């Protein structure tokens, strides 16, 4: 419904109620309804799932239509990203938010900073989803509130053309609410625990849940050592549990992102159950590092596998974990991805040790031989040294082409000494086009950075502290923060407005009329930023 239609409906409703509702302003009621488009988290999940499905179809038609997101650890951070995106690009299309379990553990746990090992409170994940959407909805209310004020001014001045323009802008307002891909880690327990947590996350608004094939109680960050995977059937149970959660809550097109950590995981906690040669359990076990044994050499408490008529002893560590054969990571990744897509997952996530398009593409090519429309979510991780990795990739390419690389020391390519070199320029260009190249060549539908604001907050705080507590004093803040906010049109320079002061004034006026005590009068120092 348009603003005019909602307003007409409110006028009719209030008129029908008679004298009891004479104090209710239909215009204020209509505006509040428009400013709160989404009633529940499930409304958001259904709306954003539809967006993601449309984006996935658009990517299948043309890989140039890949999508992107940045990780968030606070509602304000997500809100400011979307405000910035609308400001610079005029639309949020193809731009999502990512909720990183790493950042929840490091920044949102009551235990204080924790490593990415699923030790934080699992309830903090749905709580952050709800917080993110609360801030995004407030961004809608703030932006629409500004349009309503402009509309009132245009009407008061008799500016018919501007009035029509503003009514059109209100009706065409694009929400800041976008899909969130939310990290459920390894499910925080068994399949039932995964299902219960998934429901909470979906009810908070998540339309896409990312789950990994690590053991819940041994979970590690994907870019650290010591990762332990589970047999495929254990993982598929959790994928099914998430699908049931989506279906139960009426989000039938919810998205499941199946993540494999097998490329860097050399350990498993279990030997898979198998009924017959070649089944999924047998394939999982075939990657175990085993040695043939003679029945006379069997020791106490040993675990043995029967294979091709012989007995084999899996390599078992003092931790009671079993070891995979070196060099099997890529094959295990491919099998993980195929089986996940065949059993209900919608998107894949392959955690790699470096950002290399051809490495990713090599696996995706194999997956697409079985599942032709396989698509990836890829972690453009700050755990990678992007500068060094890409300079080394260029060095290796040049060397393979027979070009002279004697001016470069491959091990020292991170040095500032090379910043202005031809090699560095080519590496930076490869970094710039990495996402487009990955989308076209390696099936990457969605590119994300997990921890961007963790690093930007640290960097900007370091620079501010250095200047403010140094010789610059207050100029250290004014010159590098406030003045830049004003020059660049950063909405937060009016921080009272951003925190909802003007929205509150609108409500006070609706509730109290002329008796309203409003904060936005002539003595509000935010007026100093009007220019």
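All of the numbers you see were taken from the coordinates with simple rules; none came from a lab. These numbers come from a predicted model, not from an experiment. Note that we place each Cβ from the backbone using ideal geometry, even for glycine, and neighbour counts take in every protein chain shown.
General observations
- For the chain, averaging the sequence separation of C-alpha pairs within contact (under 8 Å, six or more residues apart) and dividing by the residue count gives a relative contact order of 14 percent.
- Antiparallel bridges, percent of DSSP beta bridges restricted to the chain (to nearest 5): 25 percent
- Pairwise centroid distance, computed over Cα atoms, of the range 331-388 with the range 176-209, Å: 21 Å
- As computed over the range 223-356, the Cα convex hull volume per residue (Å³): 135 Å³
- Legend: calculated FRET efficiency, residue 60 to residue 33, from the Cβ-Cβ distance at R0 = 35 Å, rounded to 0.05, equals 0.45.
- Between the range 227-300 and the range 68-128, the alpha-carbon centres lie 29 Å apart.
- For the Cα trace of the range 310-420, dividing Rg by the Kirkwood Rh returns an Rg/Rh value of 1.09.
- Span from the the range 471-496 Cα centroid across to the the range 393-429 one, whole angstrom: 39 Å
- Exposure proxy for 474, 82, 56: other Cβ atoms within 10 Å of each Cβ, ordered fewest to most, give 474, 56, 82.
- For peptides 230-237, 346-353, sequence by mean Cβ density within 10 Å, most packed first: 346-353, 230-237
- Compared with the dominant Cα axis of the chain, that is its longest principal axis, helix 26-35 is turned about 20°.
- Calculated FRET value between residue 50 and residue 294, using beta carbons and R₀ = 51 Å, to 0.05: 0.25
- Debye-sum result for the range 126-226 in log10 I(q)/I(0), which assumes one identical scatterer on each alpha carbon, at q = 0.13, 0.17, 0.21, 0.22 Å⁻¹: -0.63, -0.82, -1.02, -1.06
- Helix-only [θ]222 nm of the chain, DSSP H runs n ≥ 4, -39500 (n - 2.57) each, per residue, nearest 500: -15000 deg cm²/dmol
- Angle between the chain longest axis and helix 191-203 axis [Cα atoms, degrees, rounded to 10]: 20 degrees
- Based on Cα contacts under 8 Å between residues 6+ apart, the range 158-209 shows a relative contact order of 41 percent.
- Cα Rg over Rh - the chain, Kirkwood: 1.04
- Angle between the chain longest axis and helix 329-342 axis [Cα atoms, degrees, rounded to 10]: 60 degrees
- Relative to the 2.2 N^0.38 Å rule of thumb, the range 1-59 has a C-alpha radius of gyration ratio of 1.61.
- Residue order, fewest to most beta carbons within 10 Å, for 180, 255: 255, 180
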